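J.: Pasting a structure below so you can have a look.
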Amino acid sequence: MKRASIFFYILLIFLQVQCGSAYLLFDSYKKKMETEDDISPLLALLIGSGGLLPLNVKQVSWINFSASSLQFSQGAGETFTISIVNPLNCSLGSAISVQLSHDGVPLTLGQTDAYSDGCMGTGVAEDSTISISGTTVGKGRVIAKLASNIMFSNYPGLYAGQIVGVVKVAVSSTAQTVTVTSE
């Protein structure tokens, strides 16, 4: 008899979880039909935001980005800087490379990587300025990953393909300039 009651409670908990998940999905779908911007926070974690897949970003304290988001008009552009303060200085196998890619709306990147060999001196940041432009209105992002050609035995805890930063990009429609003259 004890087994039957334990099984009953386990089944009850399982059904509550299943019904709760179904309700969140239905509620979010219903709200989405009313407005495109209203989405359940839990569902946003599961499917990403703005139609973009969620990313597992593991930042590195000595790789810094000058901006977390950029906005510019269609056909224009903007820049951001990646600063790498290489902790190994200029030793053998100290080179570190960050590869850049993008998703979302089509974007043009001025360069696709940032590099540091640590030979600028102790604690000196090596900066790479990245220009970005786009002609399609919408949202996208620039994704920075560690390259596979790094000697990872010198950098414990880091691995190839690790996403170390993301810069969100919003491309807006071209602004109209209105000139007001007084008589």
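The values are calculated or read from the model by the stated rules, or taken from the named source; none is laboratory data. Quick caveat: nothing in here was measured; it's all calculated off a predicted structure. Cβ atoms come from the backbone with ideal geometry, glycine included; neighbour counts cover every protein chain shown.
J.: When you go through (1) surrounded by 13 or more Cβ atoms within 10 Å (Cβ to Cβ); (2) free of Cβ contacts under 8 Å to residues at least 24 places away in the same chain one by one for Cys119, which number turns out not to apply?
T.: Going through the list (1) surrounded by 13 or more Cβ atoms within 10 Å (Cβ to Cβ); (2) free of Cβ contacts under 8 Å to residues at least 24 places away in the same chain, Cys119 breaks only (2).
J.: Can I ask one more? Residues being within 30 Å of Gly75 (Cβ to Cβ) and not in a loop (DSSP other than H, G, I, E, B): count how many of those fall in the stretch 124-162.
T.: At the first step, the residues of the stretch 124-162 found to be within 30 Å of Gly75 (Cβ to Cβ) are 127-145.
Pick out the ones that are also not in a loop (DSSP other than H, G, I, E, B) and you get 127-133, 138-145.
Qualifying residue count for the region: 15.
J.: Quick one: Asn86 ticks every box in (1) among the polar types (S, T, N, Q); (2) in contact with a Phe, Trp or Tyr (Cβ under 9 Å, 6 or more places away or on another chain); (3) modelled with pLDDT of 90 or more bar one, so which box is it?
T.: (3)
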